[in-house]
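Participant: Provided herewith is a single structure, encoded as structure tokens, for subsequent inquiry.
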Amino acid sequence: MSSQERITTILLRLLRGDQLNKQALMTEFNKDESSIRRDISVIKRAFDDVFSEPAPFIAASSGDYRLKPDLHAAGRSLDDGQLLAIALILTASRGLSSVEMKQLMAQLLPAGPEHKGLDRLTKNPVFEYRGVPKISLTNRLARLSQAIVNHELISFDHVYHGEMRHFDRRLPTGLFFGDLFFYLIVDGSDEQADDDPDEGKFVRFRLDYMRNITSHRQQPTHDHDERFRGGRLQNHTWYPYLGKPINLEILYSYDPQFVLDRFPEAIVDWKNVRDRPFIKNPYARKVYHITIPVNDGFGVRMWLQGQGDLVKVLAPKHIRDYVVWVLRKSLKNYQNEDDTGKYL
């Protein structure tokens, strides 16, 4: 039995409400004490990450493990509203292959007349679902998560723009989903060009472009404070690009809630809102000064370009210069054309 299967077996028994004993687990799985302790630590971290529950076990005698009652599987059933939210988010993501997503929906969604509304509202999203990946990813996600937890080096091939490159003995530090794709985050920036705005201490690899993944037993030391923080990146970018942290200052001439929804840590200077009564659109008559903690990778740059004339970058200068440079290049694409797009 692999470590993955062993951890799953232990977790399922705990979710069932069983009280487990360390010595009994050592005997059953023919593993030493450190292996069982490591399995329990993996389960504890999972409850912390998924349920924000850092202490899932009932205080018991040394070597006994039992989950708190509200964490048992029976105490974690989801109602139809919760299931509907999960199903709509998952199908909108397009992050899994079509086959894998439909299998997941079949496992997730209950059937029967008491779930009629749930069935009706999820039937079309599931039927019309077209996943971006062409291969199964959930097994790969599970395998790589174990490598991350165990600090194992991995080697793999990665296909990019039709070219395959080999990467040897890299330290995986995180998994991230954004804009249709799952990414593996790896320590090190030596594979990036010096002028790459996403250059930093991490490199990302699209999961469905990875091939021939192998893990190694080496377990280099890894500073916990230096780990990749996917939740923070979600708040600091639009598309899932990496980059260096900056404070972006902009003038925004529309409802600032659109900025706050995208960047929850943004700060609006409500005391210095400028009025423009001459503007016909009543929703664009005020200009807001907003400071946003972001990273300076391509994700934020594309967001700025997508805002058009609603936004003006004040700082930092290198982001302002980049936006101006792109706008000038874009304008050249339309010069010397008539109204139909034909060159004069």
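Participant: I'm checking my understanding of the structure. Among residues of segment 308-321 that are farther than 18 Å from residue 293 by Cβ, part of a helix (DSSP H, G or I) and not hydrophobic (A, V, I, L, M, F, W, C), which one is most open to solvent (accessible area, probe 1.4 Å)?
Facilitator: My answer is 309.
Participant: Condition test on residue 310, is it touching a Lys or Arg at 6+ places or on another chain (Cβ under 7 Å) and of a type in the set (A, V, I, L, M)?
Facilitator: It is false that residue 310 is touching a Lys or Arg at 6+ places or on another chain (Cβ under 7 Å) and of a type in the set (A, V, I, L, M).
Participant: Of all residues being assigned to a helix (DSSP H, G or I) and aromatic (Phe, Trp, Tyr) in segment 322-335, which is surrounded by the fewest Cβ atoms within 10 Å (Cβ to Cβ)? Just the residue, please.
Facilitator: 325
Participant: A follow-up question, please. Which residues, taken from segment 148-163, are over 30 Å from residue 300 (Cβ atoms) and not acidic (Asp, Glu)?
Facilitator: 149, 150, 151, 153, 155
Participant: Still on this structure: Identify all residues within segment 70-87 that are of a type in the set (A, V, I, L, M), surrounded by fewer than 14 Cβ atoms within 10 Å (Cβ to Cβ) and under 29 Å from residue 183 (Cα atoms); write none if there are none.
Facilitator: 78, 85
Participant: Scan segment 42-57 for residues that are modelled with pLDDT of 85 or more and of a type in the set (Val, Ile, Thr) and report the count.
Facilitator: Summing the residues that are modelled with pLDDT of 85 or more and of a type in the set (Val, Ile, Thr) in segment 42-57 gives 2.
Participant: Please go through segment 47-69 and pick out each residue that is open to solvent by 60 Å² or more (accessible area, probe 1.4 Å) and of a type outside the set (A, V, I, L, M).
Facilitator: 48, 49, 51, 52, 54, 61, 62, 66, 68, 69
Participant: Could I ask something else about it? Give segment 245-269 a look and list any residue that's aromatic (Phe, Trp, Tyr) and at pLDDT below 95, or say none.
Facilitator: Across segment 245-269, the qualifying residues are 254, 258, 263.
The values are calculated or read from the model by the stated rules, or taken from the named source; none is laboratory data. Please read all numbers here as calculations on a predicted model, not as lab measurements. Positions of Cβ are backbone-derived with ideal geometry, glycine not excepted, and every protein chain shown enters the neighbour counts. Areas reflect the complete protein model, heavy atoms only, side chains present, ligands, DNA and RNA absent. Shrake-Rupley method; radii C 1.70, N 1.55, O 1.52, S 1.80 Å.
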